[in-house]
Amino acid sequence: MSAFLSPRLGLLIVVSAFSFIATAQTLEGRLGSAAGPGWQSSWLGLAEDVSFKKGERLIIQLDGDAEYVVVRLLAANSDPDSPEGIEGTSRTVPANRLLVVTLSRDRPAVEQVSVHAGAAAWDIALSQNNGKALIVSVERDVKRSAKPAVRPTD
């Protein structure tokens, strides 16, 4: 915030500048994984159900060697063996292993965030040579919040 005196108008004018700071909230819960012939999954069972809004972003840190994954946000009381809650279709895992997912719709009362790798996830073909993906962490990209910028005064 800065202030200056306008000699012509005899007014004190206060100028406030805002910078926007993006933050991320780490989602808490229990990690798990499972595999079978041609499939593999890893999940974060959330400590408490979380509701997400369309347009929110999740940042999923992955380990493993999978090139492609399917992301799912499983609603409370849903069957974990079903494809219910799949977000989009297959996704390419970036070299830095940080998968950024922008939600295509509201996802109320989510109890689990999971990634699915291997040759296929349900009826979605990934790659015969696709490896495994393990969730290391999941972060919720919190909306930007306005914070006053510090500016020197003259």
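Using the Cβ of His116 as centre and a radius below 12 Å, the other residues enclosed give a net charge of 0, where K and R count +1 and D and E count -1. All other residues whose Cβ lies under 10 angstrom from that of Val71 are scored, Lys and Arg at +1 and Asp and Glu at -1, for a net of +1. Note that region 21-144 shows a convex hull volume over its alpha carbon atoms of 94 Å³ per residue.
Values in this text are rule-based calculations from the coordinates and carry no lab data. These numbers were taken from a predicted model, which means no experiment stands behind them. Glycine gets a Cβ as well: all are built from the backbone with ideal geometry, and neighbour counts include every protein chain shown.
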